[in-house]
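Single-structure report; data block below.
The values are calculated or read from the model by the stated rules, or taken from the named source; none is laboratory data. If you're wondering where the values come from, they're calculated on a predicted model, not measured in any experiment. Neighbour counts run over all protein chains shown; Cβ positions are idealised from the backbone, glycine included.
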């Protein structure tokens, strides 16, 4: 998640999970559906 990914502090690490949860919630999709899409992209090496 950009520069937040480079930080080694606990607060930044917690923020990543909060932002990811907000993204999933705001997308209106089930987390299982998003996980499958990401998994499929990784399997196909599409980023």
Report, ordered by the first and then the second residue, all pairs with beta carbons closer than 7 Å, sequence separation of six or more or different chains, a first member in the stretch 19-36 that is surrounded by fewer than 12 Cβ atoms within 10 Å (Cβ to Cβ), and a second member that is in a helix (DSSP H, G or I). 27/34
Note on the stretch 1-15: residues modelled with pLDDT under 85 and part of a helix (DSSP H, G or I) are 3, 4, 5, 6, 10, 11, 12, 13
